[in-house]
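Participant: Here it is, the structure in full.
Derivation of every value follows stated rules applied to the coordinates shown; laboratory data play no part. What you see is a predicted model, and the numbers here were worked out from it, not measured in a lab. Positions of Cβ are backbone-derived with ideal geometry, glycine not excepted, and every protein chain shown enters the neighbour counts.
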Amino acid sequence: MTKSVKKRRRSLARALPDDSTHDADSSNTKRTKNSPPKSRFQCVAPVDFAFSAVSPAWVLQDDEDSDVIYDAHLFQVNLESGMNNALVLQVIASDEGCFVWQREYDRRGRREISTSCSEAMTAVDAVDEFMDVFEEKTGVAWEDRSAMSVDPPTGFTYVPMDYPSSSSCGASSTPPKKLQEQVRSLMALVFHDEDEYTSDAAALTPLQLPYAAMAFDKAHFILDQIAAMLGAKSRVRRLKLRQASEAFYSAIPHDFGQPMLDCVIDSMEKIDNCRETLHELRVSCNGRPLLSLDPLHQKYTSLECHLELVATDSLEFNLVTQYLNNSKAHVQYEMKIEHVFRVAKEMEVDKFKPFESFDNRMLLWHGSSLSNWSGILKDGLRIAPPNVTSNGHSFGKGIYFSDSVSRSAPYCRATLDKSKGILLLSEVALGKSNACTATNSRAMNEVDFVEFHSVVGLGSFTPTPGQNHVLPDGATIPLGALKRQSLENKRTHHLHLGSGLEYNEYVIYNPAQTRMRYLVVAEFCFDT
């Protein structure tokens, strides 16, 4: 046994207290012999998203050498066969012990090849098994991983990641949280990545991984070797160029948008293109955190919007359900709530502060097609965004809401084939509204933020008055069931002309007057 291995065993063993040191009074906090220390969660490397054996869990890090993280990303490319595989290898620690986790996937078809999870074991045993698997897959000992040869790889190639330091990350009493399963499902719906919701499509694109400087140095060195080969005359020159190209693509993983045999680096022009790609990739990797191996988690993070599942037995869920059921007129479909998410977006909260004092603040419905929700969650509701199809501007260019879900639901554009839709309940600071009995595109001209702050189009179906629910912050939910109002002559005339409204519509012309409160995922049940 080498000196470095003995030292590692001692450092890991210190993390495993002998059970005999715990007296009877401490039985409630006693850990099993397999358990690593509870107080040493490190956020430097995320647990692979497909791991689900235990929770909470974290990637094991050496106590004595914080640079040693038992997390390995391995890649293997064969241009002739078209193979482009990746393997995640980790020692995952938990209060129940340590696990050696492997997940291999095909980066071409974004499909999972295999997964493997060991039984719970001690940290020492888990690290030993991790090292054995690493050497079996790469042909190189774990201790020699930084000095890998640039000779044609016989197996997987280890690609080092640029982990944040423990000091910048901080030791925490809790491990990094995994994305709620219902939020992952929502992200798959929002980003149209239903396949990524399962572990069958777990590969990140090359630009999503923060490679260490060492990986770029190795890639440049391989390109130097290829450049030297171009000037040599040999009957096996083509074979050597292909093998060296495979080493390059394994050192810095690529996605291939063409037949892989066409990607052999066999000219100075291709070498220059590769160096340019490396430069761009290195710039983009600089400072990028290794946030998560879950593509949907990364997309969720990019929204900068906190989403939290609302419990089905909570008052909030019951209020949302009652509001949806009562504000629904007779339509060709039923709507069943699947999930309700609480929404908090810091940018919106700050902008909304000047309007928190408005007395007339209501929770109102807003519907939109699935293709629009990533933009809405990222940037908030906007006035006539350029990438969204216009639905007309009955009261001028503004943001439209309704107190009837029947008015907002059609904009979800759900179908028999794609029956899920997303609705938003937004808090809207209406202030004093300019009331209209018919569509009027010039009504917005009266909104001067002195006399009027918004426009309301009065419909023939409105919530029964006197049944509002006032939230603790003063916002109102009109829970009364929809009821047809008796129409005076003027409104009846507009309905006959086609300019009248079936349901109330509320319009604001300053996006800061609204903030998202609840996101409702509903199943549209059509009559067949």
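Participant: For segment 79-110, which GluC sites (Glu not before Pro) are in a loop by DSSP, counting at most 12 other Cβ atoms within 10 Å? Working shown, then result.
Facilitator: Working: sites: Glu80, Glu96, Glu104; in loops: Glu80, Glu96.
When the GluC sites (Glu not before Pro) of segment 79-110 are filtered for loop state and at most 12 Cβ neighbours within 10 Å, Glu80 remain.
Participant: Separate question: Per residue of segment 297-305, what does 6.51 cos²θ - 1.76 cosθ + 1.60 with θ = phi - 60° give for ³J(HN,Hα)? Whole Hz please, x for Gly and Pro, Karplus curve as stated.
Facilitator: 5, 5, 5, 4, 4, 5, 6, 6, 9
Participant: Further question on the same structure: As a footprinting exposure proxy, order Ser185, Ser441 by other Cβ within 10 Å, with the fewest listed first.
Facilitator: Exposure proxy ranking, most exposed first: Ser441, Ser185.
Participant: What is the P(r) of segment 304-526, as percent of Cα-Cα pairs per 10 Å bin from 0?
Facilitator: With 10 Å bins starting at 0, P(r) equals 8, 34, 41, 16, 2.
Participant: By count of other Cβ within 10 Å, fewest leading, how are Cys263, Cys525 ordered?
Facilitator: With the sparsest Cβ surroundings first, the list reads Cys525, Cys263.
Participant: Another question, then. For a quick check: sort Arg442, Arg103, Arg238 by the number of other beta carbons within 10 angstrom, fewest at the front.
Facilitator: On the way: Arg442 9, Arg103 22, Arg238 12.
Fewest-to-most Cβ neighbours within 10 Å comes out as Arg442, Arg238, Arg103.
Participant: Right, here's the next one. Could you give me the ³J(HN,Hα) list for segment 67-81, computed from phi with Karplus coefficients 6.51, -1.76, 1.60 and θ = phi - 60°, whole Hz, x at Gly and Pro?
Facilitator: 7, 8, 10, 7, 9, 10, 10, 10, 9, 9, 10, 10, 5, 6, 8
Participant: Quick check: pseudo-label points 7 Å beyond the Cα along Cα→Cβ at Asn273 and Gln322, how many nm apart are they?
Facilitator: Rounded to a tenth, the inter-label distance reads 6.4 nm.
Participant: Any of Lys240/Lys270; Lys397/Lys420; Lys336/Lys420 with alpha carbons more than 19 Å apart? Name them for me.
Facilitator: Cα-Cα > 19 Å for Lys397/Lys420; rest within.
Participant: Moving on. Rounded to the nearest 20 debye, what is the charge dipole size of segment 304-526 about its Cα centre when +1 sits on each Lys and Arg Cβ and -1 on each Asp and Glu Cβ?
Facilitator: 540 debye
Participant: Taking 0.36 nm per residue of sequence separation and subtracting the Cα-Cα distance, how much length would be gained by fully extending the chain between Phe256 and Asp448, in nm to one decimal? Walk me through the numbers on the way to the answer.
Facilitator: Numbers: separation 192, 0.36 × 192 = 69.12 nm, distance 5.56 nm.
Stretched fully, the Phe256-Asp448 segment lengthens by 63.6 nm.
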